[in-house]
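The structure appears right after this line, and notes come after that.
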Amino acid sequence: MGPGAADTSQMRRLARVATVLGPVVVVLALGKVHAAFHGYDFTDSFRFAWAIGFALTLVVAAYGFGVPDVPRQRRQAALVAIGATGVSALVVSSAQLVAGDALLPRAVVFGATIVLVPWFVLWTRVTSDARIRAEGRERVLVVADLDEVDALRQELDRAPERHAVVVGSLTPDQAYPIDPPHLPLVELARTTRATLLVLSRGAQSDEDVIVQAARLHESGVRVRTLSLFYEAWLGKLPIGELERVSLLFDVGELHGRHYSSVKRMLDVMVSLAGCAALALVTPVVIVGNCLGNRGPLLYRQTRVGRDGHPFTIVKFRTMCTSRESEDLTSDDDPRVTAFGGVLRRTHLDELPQVVNVLKGELSLVGPRPEQPHLVAQLSGKLPFYRLRHLVRPGITGWAQVKYPYAATESEALEKLQYEFFYLRRQSLSLDARIVARTLRSVLGLEGR
């Protein structure tokens with residue numbers, strides 16, 4: 001990583017730590033001050049646990065609103081910070097209203113809200129400024145076939161995880177040194193001031209390319225394979241690498257016993273909270289259905305789960321009952337009713353799936369569960385498609401946040417590239433990152 005990119009990455013990590021520690025320190029400090037003025041032991045009281053809960057609510061709300069990762073102007077950053085702290089204060093105030101008791105002093109709730117608004121604004125602006133300074137500093141030189149270079153350029157223009165620009169490219173044949181003093185790859189790297197060299201599988205097997213790459217590496221140019229570049233900069237695997245790398249990595253749910261057990265425990269905890277939310281939302285959906293979505297409340301469909309076992313997924317119905325089919329759906333599907341569209345935009349149609357999570361058929365995070373006939377169809381055409389069934393499917397997932405709908409075979413292949421990335425990098429930290437992005441999507445906020 002070049003100096004600009006390295007600084008940006010370090011700044012983002014620092015900002016994320018500050019976004020977590022800030023609410024914890026502020027809430028606990030205000031609680032301690034309040035206890036000192038009113039003569040009670042804060043850490044020994046029931047208010048200490050509620051303070052921790054409030055701090056965690058602030059952290060979740062901040063990440064849900066895109067603090068500090070989503071780039072914003074100062075005014076936008078202020079509005080988002082107010083939104084995150086305001087929602088957190090509302091949640092705690094509502095809990096106190098239901099409980100009929102002052103679980104946390106108002107001085108702590110509103111004091112934390114006032115202090116944390118400028119704190120969140122500060123770190124959002126810091127990361128935004130660092131990203132702007134680093135924009136385009138990663139200058140990439142690619143040695144690959146023309147179709148691979150074109151695909152890479154298109155991917156970097158769409159939704160990269162890191163910013164980079166392709167400043168030059170050569171095919172492996174073009175990189176061949178015709179005369180010993182004439183080294184095309186080295187000369188092009190110097191002319192374009194490349195900071196990163198990316199080699200396709202064909203380029204990696206060419207000794208003449210490797211010799212020149214070694215010389216560039218010695219001069220400070222970093223070198224990556226095409227597969228590693230896709231993973232780090234695009235959050236996916238290249239199509240040409242799916243079959244080759246499909247067996248060359250550990251899968252968290254299969255090979256990480258600790259990860260698997262902790263993930264299942266978190267799934268159960270979240271699904272129990274989700275069942276309470278489902279009980280509150282269902283009456284509202286029933287009324288909405290009567291007005292603009294007449295028909296059954298629930299939609300049930302057979303999907304393929306872990307190890308290829310079928311199960312019945314449950315959602316709130318969003319389509320006309322007479323026009324439902326097993327076809328792949330899309331963003332602007334004409335079968336979606338007026339109220340069904342509201343359910344989809346708010347993602348409330350997914351809420352009944354917490355029952356599937358509680359039963360162990362779904363996880364909170366994982367590959368999207370598909371219909372049996374689509375699995376059979378895609379398994380015969382896409383390389384190692386069934387590998388995605390080694391883990392529990394999820395309500396949300398990396399492919400879902402990166403590429404929401406897949407209505408064609410080519411789009412299904414695109415999603416498979418993201419799903420293989422998830423299988424290869426499966427971890428609690430990646431799961432948390434996916435949940436944060438899902439929250440941002442639900443709130444209508446974009447960002448990485």
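Scanning segment 42-54 for residues that are over 37 Å from the mean Cα position of the chain (by Cα) and loosely packed, with under 11 Cβ neighbours inside 10 Å turns up just one, ASP44.
Pairing residues of segment 77-92 that are buried (at least 20 other Cβ atoms within 10 Å of the Cβ) with residues that are of a type in the set (Phe, Trp, Tyr), at Cβ distances under 6 Å and at least 6 apart in sequence or on separate chains, gives VAL80/PHE65; ALA81/PHE120; GLY83/PHE65; ALA84/PHE65; VAL92/PHE54. With respect to the conditions (1) aromatic (Phe, Trp, Tyr); (2) more than 27 Å from LEU423 (Cβ to Cβ); (3) modelled with pLDDT of 90 or more, TYR230 lacks only one, and its number is (2).
Would you point out which residue out of GLU161, GLU187 is in a helix (DSSP H, G or I) and not assigned by TED's automatic domain parsing to the domain that holds ARG437? Reasoning before the result, please.
Numbers: GLU161 fails: in a helix (DSSP H, G or I).
Among GLU161, GLU187, only GLU187 is in a helix (DSSP H, G or I) and not assigned by TED's automatic domain parsing to the domain that holds ARG437.
Restricting attention to segment 252-288, the residues that are within 30 Å of ALA95 (Cβ to Cβ), of a type outside the set (Val, Ile, Thr) and in contact with a Leu (Cβ under 8 Å, 6 or more places away or on another chain) add up to 10. Tell me, yes or no, whether segment 419-437 has at least one residue that is at pLDDT below 90, polar (S, T, N, Q) and either within 16 Å of TYR385 (Cα to Cα) or touching a His at 6+ places or on another chain (Cβ under 8 Å) (or both). No, that holds for no residue.
Just one residue in the set ALA194, ALA189 is in contact with a Leu (Cβ under 8 Å, 6 or more places away or on another chain) and closer than 30 Å to LEU14 by Cα; that residue is ALA194.
Regarding segment 124-143, can at least one residue be identified that is at pLDDT 80 or above and more than 30 Å from GLY220 (Cα to Cα)? Yes, segment 124-143 has at least one match. Looking only at segment 164-183, filter to residues that are in a loop (DSSP other than H, G, I, E, B) and among the small types (Gly, Ala, Ser); which one of those is surrounded by the fewest Cβ atoms within 10 Å (Cβ to Cβ)? In this case the residue turns out to be ALA175.
The values are calculated or read from the model by the stated rules, or taken from the named source; none is laboratory data. What you see is a predicted model; the values in this text were computed from it and never measured. We place every Cβ from the backbone using ideal geometry, glycine too, and count neighbours over all the protein chains shown.
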